[in-house]
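Asks: Can you keep this structure in mind? I'll have questions shortly.
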Amino acid sequence: MRTIYSRRRRPEEIDRAVEQLGDASYSIREQASRRLWQAGKAAEPSLEKACSDSDAEVVYRARQILEKFRWEIYPDTSQATIEVINLFRFGNAEGKRQACQRLAEQGDDSRLFRLIDAEPDKALRQSFFDNFRGRIAQAVPSMLILGDFDAAEQLLRSVSDE
């Protein structure tokens with residue numbers, strides 16, 4: 001997962017932007033949303049907190065940004081990758097299969113496995129894991145060698161969930 005963004009935000013900048021999510025001015029709300037998205041992971045705790053705000057606009061905007069982060073859509077995510085992610089997110093079973101195939105062709109196994117794991121339909125998720133079992137068999141040892149034990153464990157748990 002990438003964590004490099006165009007501009008780092010200080011905590012006070014993030015807090016100010018969260019406050020501005022409920023501003024009366026549409027342009028201020030839009031700018032605040034953009035700044036928070038550009039802040040990336042650094043903004044997540046403040047956005048999570050904002051989800052319990054009494055202002056529906058603040059909650060809505062915070063959830064929209066967090067949803068992008070959940071799908072790993074950050075400012076430095078390429079448009080081509082966003083298109084594949086959205087094909088998976090909003091596509092039918094065939095669209096999701098196409099998205100998985102494109103990620104496999106790009107060699108983006110990490111994102112491929114995370115998308116498959118996010119599939120809510122258990123049968124479809126298992127079908128995707130079955131289709132990419134060979135890639136998984138290659139990925140797990142690499143993850144272990146690189147010391148990414150959490151990712152290896154999560155992948156193995158996902159594949160074995162019944």
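Asks: Do you know which of the residues in segment 90-130 that are of a type in the set (A, V, I, L, M) and over 17 Å from residue 142 (Cβ atoms) is farthest from the chain's Cα centre (by Cα)? Show your work before the answer.
Replies: Initially, segment 90-130 is screened for residues of a type in the set (A, V, I, L, M), giving 93, 99, 103-104, 112, 115-116, 118, 123-124.
If we keep only those that are over 17 Å from residue 142 (Cβ atoms) too, we end up with 93, 99, 115-116, 118, 123-124.
Values: 93: 20, 99: 15, 115: 9, 116: 12, 118: 10, 123: 22, 124: 20 Å.
Out of the qualifying residues, it is 123.
Asks: A further question follows. Scan segment 61-86 and report the pairs whose first residue is more than 17 Å from residue 114 (Cβ to Cβ) and whose second residue is open to solvent by 30 Å² or more (accessible area, probe 1.4 Å) and part of a helix (DSSP H, G or I), with Cβ atoms within less than 7 Å and a gap of 6+ or a chain change.
Replies: 61/29; 65/37; 75/37; 75/38
Asks: Here is a follow-up. If I go through segment 47-60 residue by residue, how many of them are in contact (Cβ under 8 Å) with a residue 24 or more places away in the chain and open to solvent by less than 30 Å² (accessible area, probe 1.4 Å)?
Replies: Number satisfying all stated conditions: 3.
Asks: Can you name the helices (runs of 4 or more DSSP H) wholly within segment 8-60 that have at least 3 residues being within 20 Å of residue 72 (Cα to Cα), at pLDDT 95 or above and within 23 Å of the chain's Cα centre (by Cα)? Step through it out loud before you land on a result.
Replies: On the way: elements: 11-20, 26-39, 44-50.
Where helices (runs of 4 or more DSSP H) fall fully within segment 8-60 and carry at least 3 residues being within 20 Å of residue 72 (Cα to Cα), at pLDDT 95 or above and within 23 Å of the chain's Cα centre (by Cα), they are 26-39, 44-50.
Residues checked against (1) in contact with a strand residue (DSSP E or B) (Cβ under 9 Å, 6 or more places away or on another chain); (2) under 29 Å from residue 48 (Cα atoms); (3) open to solvent by less than 70 Å² (accessible area, probe 1.4 Å); (4) not acidic (Asp, Glu):
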{"residue": "97", "(1), (2), (3), (4)": "no, no, no, yes"}
{"residue": "102", "(1), (2), (3), (4)": "no, no, no, yes"}
{"residue": "122", "(1), (2), (3), (4)": "no, yes, no, yes"}
{"residue": "128", "(1), (2), (3), (4)": "no, no, yes, yes"}
{"residue": "131", "(1), (2), (3), (4)": "no, no, no, yes"}
{"residue": "147", "(1), (2), (3), (4)": "no, no, yes, yes"}
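Asks: For segment 65-84, what are the residues that are loosely packed, with under 15 Cβ neighbours inside 10 Å and out of contact with any Phe, Trp or Tyr (no Cβ under 8 Å at 6 or more places or on another chain)?
Replies: Restricting attention to segment 65-84, the residues satisfying the condition of being loosely packed, with under 15 Cβ neighbours inside 10 Å are 67, 70, 76, 78-80, 83.
The answer is 67, 70, 78, 79, 80, 83.
Asks: Could you grab me the full set of residues in segment 139-162 that are outside any helix (DSSP H, G or I) and either acidic (Asp, Glu) or touching a helix residue (DSSP H, G or I) at 6+ places or on another chain (Cβ under 6 Å) (or both)? Steps first, answer last, please.
Replies: From segment 139-162, those outside any helix (DSSP H, G or I) are 146-148, 161-162; that's our starting set.
Once the filter is applied, which keeps residues that are outside any helix (DSSP H, G or I) and either acidic (Asp, Glu) or touching a helix residue (DSSP H, G or I) at 6+ places or on another chain (Cβ under 6 Å) (or both), segment 139-162 yields 148, 161, 162.
Asks: Quick check on this structure: which one of 96, 68 is out of contact with any Gly (no Cβ under 6 Å at 6 or more places or on another chain) and more than 29 Å from residue 42 (Cβ to Cβ)?
Replies: Working: 68 fails: more than 29 Å from residue 42 (Cβ to Cβ).
That would be 96, the only listed residue that is out of contact with any Gly (no Cβ under 6 Å at 6 or more places or on another chain) and more than 29 Å from residue 42 (Cβ to Cβ).
The values are calculated or read from the model by the stated rules, or taken from the named source; none is laboratory data. If you're wondering where the values come from, they're calculated on a predicted model, not measured in any experiment. Every residue, glycine among them, receives a Cβ derived from its backbone with ideal geometry; neighbour counts consider all protein chains shown. The protein model used for the area step is the full one, side chains on, heavy atoms only, and it has no ligands, DNA or RNA in it. Shrake-Rupley method; radii C 1.70, N 1.55, O 1.52, S 1.80 Å.
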